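**Student:** Sharing a structure with you now.
The numbers here are math on the coordinates, done by the rules we state, and not lab data. Just so it is clear, the structure is predicted and the values come from calculations on it, not from any experiment. Neighbour counts run over all protein chains shown; Cβ positions are idealised from the backbone, glycine included.
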Amino acid sequence: MFIHIDIDSFFASAERSVDPGLKNVPMAVGSRSNLEIFNRERTNIRLMNDNSGAFVTPVFYSDKEKSFDSVFIDKIDGQKKIRGIITTASYEARAFGVKTAMPIAQALQLCPQLIIVPSHYPLYHKLSHYLHRFLQTKIPLLEQYSIDEFFGDLSGWIDDRDVLEFSKRLQQEILENFDIPVSIGINQSKWIAKVATDFAKPFGVYEVKDIDSFLHNRSLKEFPGIGKGFQRRLEGYGINRLGEIKARKALFYSWKRPGIQLYHRITGTDNEPITSKRDRKSIGISRTFDALRDPDELRRRIMIMARHIVYIAISIEANPTTYYLKIDYEYGVKVKQSRTLDRLFSETLFKIELAQMYDIIAQPEAAALKLSLSVSNFTSNHLRTLSLLHLEEDQKRLRLTKDLQSLRERFGLDIIKSGSEL
Ligand SMILES: [Mg+2]
């Protein structure tokens, strides 16, 4: 039997576990794009990577104290302006209509007594890591599916008839040990168990005994992997409820692999096992900021983000061979460029390539709003052959990158900046 464990309103619950004064009141965690990495002063930024499964992104953090005003209030020409969005709302806040991705200013209009706490990703990261370790002692086959979600396979360990009891006990133990509420779904299929968890929330345990009757009236969007676009497509075929899918096998099969996979997941016949180890396939960072018309500053920001990506790549010993840069400008103009080089990855090489890519796509007249950088196609995952042509030069550069890495590990990520960042 599979169980799926999901922390209820994770970031909000995490904050409550360290500040009980936040319990039983409408509260929410808010965030703003973290622009601290672009500061010119030293901010002593470090990387937290304890938990680096493919689904948990490493976080950059600094120890600076955060208050509501320092994070969310901007003073522009003497006027105070509330910025930022809601990341997670407690159930008490949801009752007022406060929800994820809502602007904080709007949330405060709906619920003036709402307490908003700036996000503390290192706290969430640690909690996720400790919960993972705890669950490993309770469940023989465990898969971390996201920062706050886990699948467990209990077959051969707990009798099917006892899984409900086991799950209720586990829920209680997690509450006692971590002071956080979780919900748990149970079924023979992982994906049905996941839908059951959402159904059980908040702080519930639910076992799906009969898939057909459970799905009968559930809406399409409740199933993982059915997004808005796909939902509309299904509606176009007259399918409005999850329960209507089982009878449409031929239709789903006509969509080849993804359709067939989804069909079996929805009917609970997927037989998909626990995946306990999943390799990271890419490393990406993006930052959204106020309209920026200064191409030199934009270039500087790209180089800073590059340094952060390099730091993650080297710390997980990945050798990415595809580099990607995207810039969102005003009026919905998006430009991007990627290139694949069968070479040894290093800070120098990455920055040289990025500078060239930037020159090709930059729109110097337009105001930039967002930068996205990523690297993928790791040679550790695929057997790619690195070109011998530049090997000696690349090895030298990689040695330099690794020397910088050890300094940054000791003194923070912004201890050494290259000329292109100044
Ligand atoms: Mg959750």
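**Student:** Is the C-alpha gyration tensor of segment 328-401 telling us rounded, prolate or oblate? Criteria: a/c under 1.5 is rounded; beyond that, a/b larger than b/c is prolate, otherwise oblate.
**Tutor:** It comes out prolate by the Cα gyration axes.
**Student:** Using the 10 angstrom Cβ neighbour count as an exposure proxy, how do 357, 27 rank, fewest first?
**Tutor:** Ordered by Cβ neighbours within 10 Å, fewest first: 357, 27.
**Student:** If you put +1 on each Lys and Arg Cβ and -1 on each Asp and Glu Cβ, how big is the dipole of segment 125-266 around its Cα centre, in Debye rounded to 20?
**Tutor:** With only Lys, Arg, Asp and Glu charged at Cβ, the dipole is about 860 debye.
**Student:** Among 264, 125, which comes first, second and so on when ranked by fewest other beta-carbon atoms within 10 Å?
**Tutor:** Values: 264 17, 125 22.
Fewest-to-most ranking of 264, 125: 264, 125.
**Student:** Across the Cα atoms of segment 202-331, what radius of gyration and what greatest pairwise Cα-Cα distance (Dmax) are found, in Å?
**Tutor:** Taking only Cα atoms of segment 202-331, I get Rg and Dmax of 21.8, 61 Å.
**Student:** What whole-number volume per residue, in cubic angstrom, does the convex hull of the C-alpha atoms of the chain give?
**Tutor:** Per residue, the Cα convex hull of the chain comes to 182 Å³.
**Student:** Could you tell me which of rounded, prolate or oblate describes segment 112-155, using a ≥ b ≥ c as the square roots of the eigenvalues of the alpha-carbon gyration tensor, with rounded for a/c under 1.5 and, failing that, prolate when a/b is larger than b/c and oblate otherwise?
**Tutor:** Prolate.
**Student:** Please compute the Cα-Cα pair-distance distribution of segment 125-266 with 5 Å bins starting at 0, giving whole percents from short to long.
**Tutor:** 2, 9, 17, 21, 16, 13, 11, 7, 3, 0
**Student:** Restrict the search to segment 39-131; then list the trypsin sites (Lys or Arg not before Pro) that DSSP places in a loop and that have at most 11 other Cβ atoms within 10 Å of their Cβ.
**Tutor:** Qualifying residues, ordered by number: 40, 64.
**Student:** Separate question: Just the number: Rg to Rh for segment 282-421, Cα atoms, Kirkwood Rh, two decimals.
**Tutor:** Checking Rg against Rh, the ratio lands at 0.97.
**Student:** Of the listed pairs 351/396; 138/168; 281/351; 99/370, which have alpha-carbon separations greater than 19 Å here? It would help to have the intermediate numbers written out before the result.
**Tutor:** Details: 351/396 15 Å; 138/168 13 Å; 281/351 21 Å; 99/370 24 Å.
Pairs exceeding 19 Å: 281/351; 99/370.
**Student:** Something else about it: Is the C-alpha gyration tensor of segment 135-203 telling us rounded, prolate or oblate? Criteria: a/c under 1.5 is rounded; beyond that, a/b larger than b/c is prolate, otherwise oblate.
**Tutor:** Judged from the Cα gyration tensor, segment 135-203 comes out rounded (a/c under 1.5).
**Student:** Let me ask another. For segment 19-124, would you read off the P(r) tail past 16 Å as a percentage of all alpha carbon pairs? Write out the running numbers ahead of the final one.
**Tutor:** On the way: 3512 of 5565 pairs.
It works out to 63 percent of all Cα pairs.
**Student:** May I pose another question? Just want the ordering: 353, 165, from fewest to most Cβ atoms lying within 10 Å of their own Cβ.
**Tutor:** Final ranking by Cβ density, sparse to dense: 165, 353.
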